[in-house]
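Beneath this line is the structure, given in structure tokens, with notes to follow.
The values are calculated or read from the model by the stated rules, or taken from the named source; none is laboratory data. As the structure is a computational prediction, the values presented were derived from the model and not from experiment. Methodologically, a virtual Cβ is constructed for each residue, glycine included, from the backbone with ideal geometry; neighbour enumeration extends over all protein chains shown.
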Amino acid sequence: MNSWSNAKTAALAFLTIYRLVFVGLSIDVMVRIWGMRDRFESPRDVVLLLFIEGLRTLVTLGGIAVAWQAARRASKGMVPAALAFAISFATIAYTKAMTYGAFPGAVQEEAAKAFTRWNVPMPLLLVIFAQAEWAAWLALAGVTVFALQYPRPVTSQDVHDSGLRDRSGALRGVAMAGTDIGRITRNWTAALLDGGGLRAGRIRAYALTGAVLHTTSLILSPTRGDFLVHISAAAAAGPLLACCVALFRAGAFIATDHQKSLLDWVRRAAVGGVVLFVLSGIALLVPALAPFGFVGFALTPVAVLVGVAIALTRGQTEAVR
């Protein structure tokens with residue numbers, strides 16, 4: 001398990017300052033919305049916008065706290081350092097994705113004027129303040145490296161052995177009854193491990209390449225082409241995500257009871273977030289339930305963040321025991 005270092009502390013501090021910029025911008029927006037509250041058609045619009053920005057602020061601050069919690073555990077050799085950076089980049093992706101640009105705050109407007117006077121390129125501003133895609137790619141890399149290294153470096157044999165717990169299923173062995181996706185993913189992941197394709201450095205290089213291509217394509221493509229760009233990026237990220245799941249399962253297979261506590265809570269956080277996301281999407285299709293669907297979407301990252309925080313806290317407590 002890789003050790004923590006002063007360079008990683010400095011990098012995490014830089015990412016913390018970067019995220020705090022968005023917290024400041026969000027507070028700036030809330031101040032402006034409150035000052036303009038009499039101009040809205042309905043008080044519900046004001047409440048909705050304040051809810052979005054307020055939740056964005058709280059989740060971003062919570063992400064900062066959980067990332068440093070992971071860093072403290074990494075400094076003691078209890079978890080890989082990649083977890084702290086995965087949380088950091090995931091928080092950056094979230095706070096950018098939740099940005100509501102219709103009501104820029106006063107500080108944001110003045111900053112935009114200053115950047116214009118200084119001839120700062122618009123693509124650079126988009127990457128820094130708007131586009132969330134590159135941060136999502138780097139978060140995926142961090143999670144995959146964490147799965148690769150926790151509770152110890154995963155081997156191809158670990159990946160194969162993790163499939164021994166799979167239920168056979170009524171049709172698992174019947175020809176043409178379906179494809180065993182889990183087995184295919186395990187074989188693919190094990191082959192990459194044996195060939196060196198899933199080393200931490202190569203995972204980060206793949207994700208960084210995806211981040212650059214995804215971001216560049218969005219900048220260069222017309223707006224109507226964004227959907228195709230996102231679909232292509234999802235197809236490129238899919239294999240890495242599949243390997244990440246296989247590595248997590250292998251890690252859970254080789255973990256001790258104390259180590260499984262952290263992985264179990266991470267799994268609960270992920271499953272809870274997915275379930276809430278799906279239920280919210282269904283609610284949005286029903287007009288009467290649409291407000292609940294919107295709230296569910298907004299609360300999805302909260303469920304994930306709380307689960308990860310509990311994972312780190314329980315894991316640390318049980319490890320001491």
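For every residue, the table says whether it meets (1) hydroxyl-bearing (S, T, Y); (2) part of a helix (DSSP H, G or I); (3) surrounded by 18 or more Cβ atoms within 10 Å (Cβ to Cβ); (4) touching a helix residue (DSSP H, G or I) at 6+ places or on another chain (Cβ under 6 Å).
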residue	(1), (2), (3), (4)
F227	no, yes, no, no
A234	no, yes, no, no
L247	no, yes, yes, yes
Q259	no, yes, yes, no
W265	no, yes, yes, yes
A270	no, yes, no, no
G273	no, yes, yes, yes
V278	no, yes, no, no
G281	no, yes, no, no
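Based on what the data block shows, is R44 in a helix (DSSP H, G or I), basic (K, R) and modelled with pLDDT under 90? So R44 passes the test.
Just to check your reading of the model, which residue among L83, L55, L61, L12 is in contact (Cβ under 8 Å) with a residue 60 or more places away in the chain, surrounded by fewer than 20 Cβ atoms within 10 Å (Cβ to Cβ) and under 30 Å from S261 (Cα atoms)?
Matching residue, one of L83, L55, L61, L12: L55.
If you go through the stretch 216-263 and keep only what is over 30 Å from V306 (Cβ atoms) and of a type outside the set (G, A, S), you end up with T216, L218, I219, L220, P222, T223, R224, D226, F227, L228, V229, I231. Pairing residues of the stretch 218-240 that are under 20 Å from L140 (Cα atoms) and not assigned by TED's automatic domain parsing to the domain that holds L140 with residues that are at pLDDT below 90 and part of a helix (DSSP H, G or I), at Cβ distances under 6 Å and at least 6 apart in sequence or on separate chains, gives no pairs at all. Screening S26 on (1) buried (at least 21 other Cβ atoms within 10 Å of the Cβ); (2) of a type in the set (S, T, N, Q); (3) outside any helix (DSSP H, G or I) shows it passes everything except condition (3).
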